[in-house]
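Enquirer: Questions regarding the structure given below will be posed in turn.
The values are calculated or read from the model by the stated rules, or taken from the named source; none is laboratory data. Predicted model only: the values in this text are computed from it and were never measured. We place every Cβ from the backbone using ideal geometry, glycine too, and count neighbours over all the protein chains shown. Accessible surface is based on the protein model in full, side chains and every heavy atom, while ligands, DNA and RNA are left aside. Shrake-Rupley method; radii C 1.70, N 1.55, O 1.52, S 1.80 Å.
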Amino acid sequence: MAPSEGVLSGKISHEKDSCKKRRGRSVVKEEKMAVSFKELGLVNTKELFAKAIKGGYAVPAYNFNNMEQLQAIIMACAECNSPVILQISKGARQYANQTLLRYMVPGAVEVAREMGSNIPIALNLDHGDSFELAKSCVDYGFSNVMIDGSHLPFNENVELTKKVVEYARQKEVTVEGELGVLAGIEEHVSSEVTHYTRPEEVEAFVTKTGVDSLAISIGTSHGAYKFKVKPGESIPPLRFDILEECQRRLPDFPIVLHGASSVLVKYIEIINKYGGKMENTAGVPEEQIKKAVKTNVCKVNIDSDGRLVMTAMIRKFLAENPQEFDPRKYLGPAREALKEMYINKCRLLGSDGKA
Ligand code: G3H
Ligand code: 13P
Ligand code: ZN
């Protein structure tokens, strides 16, 4: 054997060993983290949605990335007795650390119980983009996962979604699919224009995949710039005709509305007053949300409004108190304002008092 070969093969086998060790560690970690959502005090969305459809309201699905957002959501929903879906995106998992988030959620459930509240709490993966990610969330104790194959051709979307449903079913985790693409950024998929859901596809999609709920695209989009309108121009109405046709084809089937923040003007004004620069923002008018929740829409996703409240209150506090440097001083009031906003949202969706 040539010396160089020996050195090389030794190096390779050493690398293989360390690879194996790393893989071994991650398997051990995954096994250690594996838990059923029921052990975390969570519920899946089955009953939540059945009640919401019957009652003509929608369950709020609020995104969170940090402790203050989670506290505000839980305190708001416990206080107004609303069921709630906590949402974690792939980005949130990367930002806050998936293990930490996984341990924060049962903590939040416990806080609600300490407040004397028995509200049902679900945990959803928002915009899952692969089978592996969805599987990992099912294993980590999520009670609902969204698999977003909306950018794929119909048959590939069906295939991916069905695979997730088959895995999730074994653990009683419910699954949300999506048909139609919202304009703006959906996780790492961005689209310049809206591709409205084609109602003629919804029955086949639901039957073939076995999903428990379906996100549709009727003109909403993610973020704070939902409609390209100049100041003074009115916001185009959502495509209620598409929603009605989906509902006609799928009676009593849970529909999900993404991109449903109203982009509250009050907070945009505070942001701009205290050094921000957010121009030509536009959200979904509250009357349209009110109208939507009377239909089969039983899950409404809100992320941006929470981000705006937090940013506005932090900007204001720091501008008015330039000497302060304790994060609790500015995160505290931001959390309070967030809580108030979430309570108002629950009232808008009609979920308050429905737990
Ligand atoms: O649908 C997008 C959600 O608002 C999550 O956003 O990917 O920035 O966490 P993110
Ligand atoms: P917003 O950006 O309108 O809050 O939408 C959030 C969302 O759909 C998360 O999936
Ligand atoms: Zn979304």
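Enquirer: Please compute the net charge surrounding residue 245, taking Lys and Arg as +1 and Asp and Glu as -1 over other residues with Cβ under 10 Å from its Cβ.
Expert: Details: positive: 198, 239, 248, 249; negative: 200, 241, 244.
In short, +1.
Enquirer: Then there's this: What figure, in Å² to the nearest 10, do you get for the accessible area of residue 136 with a 1.4 Å probe and non-protein molecules left out?
Expert: 30
Enquirer: Next question, about the same structure. So what's the chain giving for Rg/Rh, alpha carbon basis, Kirkwood Rh from the mean inverse pair distance?
Expert: On the way: Rg = 22.0 Å, Rh = 21.4 Å.
With Rh from the inverse mean 1/r over Cα pairs, Rg/Rh is 1.03.
Enquirer: Right, next: Subtract the Cα-Cα distance of residue 172 and residue 294 from 0.36 nm times their separation in residues, and report this length gain in nm to one decimal.
Expert: Stretched out fully, the residue 172 to residue 294 stretch lengthens by 41.2 nm.
Enquirer: Further question on the same structure: Toward the positive end of the charge dipole of the stretch 187-255, about the Cα centre and with charges on Cβ (Lys, Arg +1; Asp, Glu -1), which of 227, 213, 251 goes farthest?
Expert: Value: 227.
Enquirer: Under a straight-distance cross-link criterion of Cα-Cα below 18 Å, which aspartates and glutamates are reachable from residue 90, leaving out those fewer than 8 residues away in the same chain?
Expert: 30, 126, 129, 132, 139, 148, 176, 178, 186, 187, 303
Enquirer: Could you work out the relative contact order of the stretch 59-188, using alpha carbon pairs under 8 angstrom and six or more residues apart, expressed as a whole percent?
Expert: Details: 191 pairs, mean separation 27.2, N = 130.
Worked out over the stretch 59-188, it gives 21 percent.
Enquirer: Which cross-chain or sequence-distant (5 or more) residues have an amide H under 5 Å from the amide H of residue 122, H modelled 1.01 Å from N in plane?
Expert: Here 43, 84, 85, 86 satisfy the definition.
Enquirer: Hey, any idea what % of the chain's accessible area is carbon plus sulfur with a 1.4 Å probe?
Expert: Details: 9140 of 16950 Å².
Carbon plus sulfur share of accessible area: 54 percent.
Enquirer: Rounded, prolate or oblate for the stretch 99-235? Axes are the square roots of the Cα gyration tensor eigenvalues, ordered a ≥ b ≥ c, and the cut-off for rounded is a/c under 1.5.
Expert: On the way: a/c = 2.15, a/b = 1.26, b/c = 1.71.
Oblate, since a/c reaches 1.5 and b/c is not below a/b.
Enquirer: Counting only heavy atoms of protein chains, what accessible area per residue, in Å², does the chain have with a probe of 1.4 Å?
Expert: 48
Enquirer: For a test of the definition: using alpha carbon positions, the gyration tensor, and the 1.5 limit on a/c, classify the stretch 197-300 as rounded, prolate or oblate. Please report the intermediate quantities before stating the final value.
Expert: On the way: a/c = 2.76, a/b = 2.48, b/c = 1.11.
Note, shape of the stretch 197-300 comes out prolate.
Enquirer: Within the stretch 134-155, whose backbone N sits under 14 Å from a point 7 Å along Cα→Cβ of residue 249?
Expert: 154-155
Enquirer: Let me ask something additional. Per residue of the stretch 125-141, in order, report the coupling 6.51 cos²θ - 1.76 cosθ + 1.60 (Karplus, θ = phi - 60°) as ³J(HN,Hα) in whole Hz, putting x for Gly and Pro.
Expert: Rounded to whole hertz, the list is 7, 8, 6, x, 10, 8, 4, 4, 5, 4, 4, 4, 5, 4, 5, 7, x.
Enquirer: Along the principal axes of its C-alpha atoms, what lengths does the stretch 279-355 span, in descending order and rounded to whole Å?
Expert: Its Cα atoms span 50, 34, 14 Å along the three principal axes.
Enquirer: Grab the Cα-Cα distance for residue 33 and residue 67, subtract it from 0.36 nm times how many residues apart they are, and report the gain in nm with one decimal.
Expert: Numbers: separation 34, 0.36 × 34 = 12.24 nm, distance 2.03 nm.
Taking residue 33 through residue 67 to full extension adds about 10.2 nm, to one decimal.
Enquirer: I would also like to ask the following. How far is helix 304-320 tilted off the main Cα axis of the chain, in degrees rounded to 10, range 0 to 90?
Expert: It is inclined by approximately 80 degrees.
Enquirer: Here's something else I'd like to know. Note the angle between two axes, namely the Cα long axis of helix 199-209 and the longest principal axis of the Cα atoms of the chain, as a number of degrees from 0 to 90, rounded to the nearest 10.
Expert: It works out to around 40 degrees.
Enquirer: To continue, here is another question. How big is the dipole moment of the stretch 178-274 about its Cα centre under a simple scheme where the beta carbon of each Lys and Arg is +1, that of each Asp and Glu is -1, and everything else is neutral? Debye, nearest 20, please. It would help to have the intermediate numbers written out before the result.
Expert: Values: 10 positive and 14 negative charges, 91 e Å.
Here the stretch 178-274 has a charge dipole of around 440 debye.
Enquirer: Quick one: compute the contact order of the chain, relative version, from alpha carbon pairs under 8 angstrom and 6+ residues apart, as a percent. Numbers along the way, then the final one.
Expert: Values: 654 pairs, mean separation 72.3, N = 355.
Here the relative contact order equals 20 percent.
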